[in-house]
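J.: Here it is, the structure in full.
Readers should treat all values here as calculations from the given coordinates under stated rules, not as data from a laboratory. The shown structure was predicted, so the numbers you read here are calculated from the model rather than taken from an experiment. Here the Cβ positions follow ideal geometry from the backbone for every residue, glycine too, while neighbour counts run over all protein chains shown.
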Amino acid sequence: MAQKLWIEDDPLNKFSEAIRTLRETLFAQLPEGASPVMIMTATHRGDGCSTVTANLAASCAHTGRRVLAIDGDFSGRGLEEIFGISHKAGLLEYIGGNRAEVVSTGIDNLGFLPAGITASGAHPFDSPKFREILENFRKSYDVIMIDTAPVLEKSDAVVLGQKSNGVILVFLAGNFLREDELTAREILDRSNVRVIGVIFNRIREEDQDPFYTYQRYLEKQDK
């Protein structure tokens, strides 16, 4: 069963407004005319990356852009849970040259590609086929967002970041360590991966730190 997205369920609340502000900030810095590929990652599981990805993707779709959300976290599969779609052929099948298709999310202009069910011995994002798939999707969609495993856990965000317009880092305020942010940034910087946004999730208003100017999501209970 699909989870409710707050950008859909309560579009005028402060969390939805924050998502819209983030959306416009991102598109203001991305090149016009191209279909941007954005990689979403966190430092730890449970930081709310999949929830932010789903709501940001839906927000982009609300503008009339054709959006594709891809679950690229083969261990967590957070987007599959949020959209209530699992055990379907998806990205892994595409990469393996097998049949798969984008499925409906029930939200206008927003398609979803599950992680897939057929594992292989090779790393899927190293495959030349993946780059070909991404370029084909760029012809059909205005925005592509890929939810990935935490950057401190796997190399996926680095590998995908080099094939994209940039990475958005999600941190959970109650689980945030400055050392984690520095380590994550260092990992990405060493690989020439651009960080295009940083999100603090579930931060309390009284704990806001003026040192950070990132988009904040206040006390939202996220996956």
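J.: Assign unit charges at the C-beta atoms only (+1 for Lys and Arg, -1 for Asp and Glu), then state the dipole size of the stretch 35-217 relative to its Cα centre in Debye, rounded to the nearest 20.
T.: Its charge dipole is roughly 520 debye.
J.: Once the Cα atoms of helix 178-190 and of the chain are each reduced to a long axis, what angle between those two axes, in degrees from 0 to 90 to the nearest 10, is obtained?
T.: Between helix and principal axis, roughly 40 degrees.
J.: For the stretch 46-144, just run the numbers: alpha carbon Rg, then divide by 2.2 N^0.38 Å, N being how many residues it has.
T.: Computed over Cα atoms of the stretch 46-144, the ratio equals 1.03.
J.: Could you check the simple spin-label distance between Phe27 and Thr63, using points 7 Å along Cα→Cβ, in nm with one decimal?
T.: Those two pseudo-labels are separated by 0.2 nm.
J.: Would you work out the relative contact order for the chain, in percent, from Cα pairs under 8 angstrom that are 6 or more residues apart?
T.: Taking the mean separation of contacting Cα pairs over the length of the chain, I get 27 percent.
J.: While we're looking at this one, here's another question. Beyond 30 Å between alpha-carbons counts as too far, so tell me which of Lys4/Lys88; Lys14/Lys139; Lys88/Lys163 fall in that bin.
T.: Numbers: Lys4/Lys88 21 Å; Lys14/Lys139 34 Å; Lys88/Lys163 25 Å.
Exceeds cut-off: Lys14/Lys139.
J.: Any idea what angle helix 49-62 forms with the longest principal axis of the chain, computed on alpha-carbon atoms, 0 to 90 degrees, nearest 10?
T.: Relative to the chain, helix 49-62 is tipped by roughly 80 degrees.
J.: Please order Ile117, Ile19, Ile107 by the number of other Cβ within 10 Å, starting at the fewest.
T.: The fewest-first ordering by Cβ neighbours comes to Ile117, Ile107, Ile19.
J.: Tally Lys and Arg at +1 and Asp and Glu at -1 over the other residues with C-beta under 10 Å from the C-beta of Asp71: what net charge comes out?
T.: Neighbour charge sum, excluding Asp71 itself: -3.
J.: Related question: By its C-alpha gyration tensor, with a ≥ b ≥ c as the square roots of the eigenvalues, how is the stretch 1-68 shaped: rounded for a/c under 1.5, else prolate for a/b larger than b/c, else oblate?
T.: Oblate.
J.: Rounded to whole Å and sorted largest first, what semi-axes of the equivalent ellipsoid does the C-alpha gyration tensor of the stretch 35-217 yield via the square root of 5 times each eigenvalue? Present the calculation step by step, with values, prior to reporting the outcome.
T.: Details: eigenvalues 139, 68, 44 Å².
Over the Cα atoms of the stretch 35-217, the ellipsoid semi-axes are 26, 18, 15 Å.
J.: May I pose another question? Label Ser86 and Ala122 with points 7 Å out from Cα along Cα→Cβ: what is the distance between them in nm?
T.: Distance between the two pseudo-spin positions: 2.9 nm.
J.: Let me ask another. In which sequence would Leu177, Leu113 go, from the one with the fewest C-beta neighbours within 10 Å to the one with the most?
T.: The order, fewest Cβ neighbours first, is Leu177, Leu113.
J.: Also: Could you tell me the center-to-center distance, by alpha carbons, between the stretch 118-148 and the stretch 1-41 in angstrom?
T.: Here the answer is 21 Å between Cα centres.
J.: Can you list the GluC sites (Glu not before Pro) in the stretch 43-108 that are in a DSSP coil and have 16 or fewer other beta carbons within 10 angstrom?
T.: Counting only loop positions with at most 16 other Cβ atoms within 10 Å, the GluC sites (Glu not before Pro) in the stretch 43-108 are Glu101.
J.: Okay, next question. Please give me the summed charge of the neighbours of Asp180: other residues whose Cβ is under 14 Å from its Cβ, Lys and Arg +1, Asp and Glu -1.
T.: On the way: positive: Arg45, Arg178, Arg185; negative: Asp47, Glu153, Glu179, Glu181, Glu186.
Around Asp180, the charge tally is -2.
J.: Follow-up question, since we're still on this one. Within 10 Å of each candidate Cβ there may be at most 12 other Cβ atoms; applying that plus a DSSP loop requirement, which trypsin sites (Lys or Arg not before Pro) in the stretch 68-168 survive?
T.: Hits after loop and neighbour filter: Arg99.
J.: Hey, another quick one. So if we plug the beta-carbon distance of Asn98 and Ala34 into 1/(1 + (r/R0)^6) with R0 = 25 Å, what FRET efficiency do we get, rounded to 0.05?
T.: Working from the Cβ atoms, E equals 0.30.
J.: Also, quick follow-up: Using the Karplus curve 6.51 cos²θ - 1.76 cosθ + 1.60 with θ = phi - 60°, work out ³J(HN,Hα) for each residue of the stretch 155-165 in order, rounded to whole Hz, and write x for Gly and Pro.
T.: Per residue, the Karplus-derived 3J(HN,Hα) values read 8, 4, 4, 5, 4, 6, x, 6, 10, 10, 7 Hz.
J.: Based on other C-beta atoms within 10 Å, arrange Cys60, Cys49 from fewest to most.
T.: Ascending Cβ contact count within 10 Å gives the list Cys60, Cys49.
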